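Peer 1: A single structure is presented below for examination.
Values quoted throughout were computed directly from the atomic coordinates according to the rules given, and no laboratory measurement underlies them. This one's a predicted model, so the numbers in the text were calculated from it and none came from an experiment. Backbone-built Cβ (ideal geometry, glycine too); neighbour counts: all protein chains shown.
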Ligand code: PD2
Ligand code: ZN
């Protein structure tokens, strides 16, 4: 069978340093992982396909089998590389400052102050989003239902206790208490995003030393459990982390890609969005350890579509 360099030849033009491997003479000729690796190394080194094929033939390979092995190996390798470099498509995300930069925003029933606005990653810090009384009421309602925080396991779709998260937490259902419903309506107005696309509020309590190691809030598309999670409204596209108290020391929300630290202040909130489930959004963030006192937050995650 003739080799078809038009189908595989271009791959060999990549041109790194040449490192010629040796292959075994085989009578049964299975395409082993070692052979695949060797073919990829030759291709990456810029070896022309004819030379690779010739080496295989010299080593005793049947021509049809050798051509098939070359084509299959390179097709798989190219597909893997393409998956790694192609970004997931961007989707619309909430934008609190859609009407342009301003200092004060009307969020349905309350005026909120814009403290900081960063464009890449998209981060907005607000003051005065939640009143002191609302913060205290949410803490009181959540306190009796706290359990060691779980993280959604995107490999299985279930929730598990995770060492990266040493806080305690609970979820309210959307609209579960009047205070939740009031604050959620305000958040929807602030973000210009449908209330129905929001998950229920999650409340976290961090004691001294507790932290939330840097992570992304979107679900990793490469994980097998993600398709089942996405059935409930699609991807998460934004987070609004609201501070329900002011810790005595520590507990900043940090964005390591841009060295941004947001200080937790009672009633304030940090909003950030991510238009694709990819590190290019620079939405990596974490909760730095609480040094003294405790830290309480309520997080609203919003999805692309209606969260059911
Ligand atoms: O409590 C925080 O600062 C924090 C940090 C990172 C909260 C979250 N992530 C979250 O709720 O996703
Ligand atoms: Zn987070």
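Peer 1: Given Cα positions, please report Rg to Rh for region 92-147, the hydrodynamic radius being the Kirkwood one.
Peer 2: Across region 92-147, the Cα-based Rg/Rh ratio is 1.09.
Peer 1: Can you give me the orientation-averaged projected area of the convex hull built on the Cα atoms of region 212-273, in nm²?
Peer 2: Computing the convex hull of the Cα atoms and averaging its projections yields 5.3 nm².
Peer 1: Could you give the Stokes-Einstein D for region 37-100 in µm² per second, using the C-alpha Kirkwood radius, 25 °C, 0.890 mPa s?
Peer 2: 167
Peer 1: Between residue 58 and residue 85, what is the label-point separation in nm under the 7 Å Cα-to-beta-carbon projection?
Peer 2: Roughly 3.1 nm, to one decimal.
Peer 1: Rounded if a/c is under 1.5, else prolate if a/b beats b/c, else oblate: with a ≥ b ≥ c from the C-alpha gyration tensor eigenvalues square-rooted, which is region 172-217?
Peer 2: Prolate shape, in that a/c is at least 1.5 and a/b is the bigger ratio.
Peer 1: On to the next question. Calculate, in nm to one decimal, what residue 65 and residue 95 gain on full extension: separation in residues at 0.36 nm each, minus their alpha carbon distance.
Peer 2: Value of the extension gain: 5.2 nm.
Peer 1: Which peptide among 100-107, 136-143 comes first, and what is the full order, when sorted by highest mean count of other Cβ atoms within 10 Å?
Peer 2: Descending mean neighbour count gives 136-143, 100-107.
Peer 1: To make sure I understand, if each residue's beta carbon is the centre and we count other beta carbons within 10 Å, what order do 115, 302 fall in, fewest to most?
Peer 2: 115, 302
Peer 1: Can you grab the distance from the C-alpha centre of region 35-67 to the C-alpha centre of region 237-298, Å, no decimals?
Peer 2: Comparing the Cα centres of region 35-67 and region 237-298, I get a distance of 52 Å.
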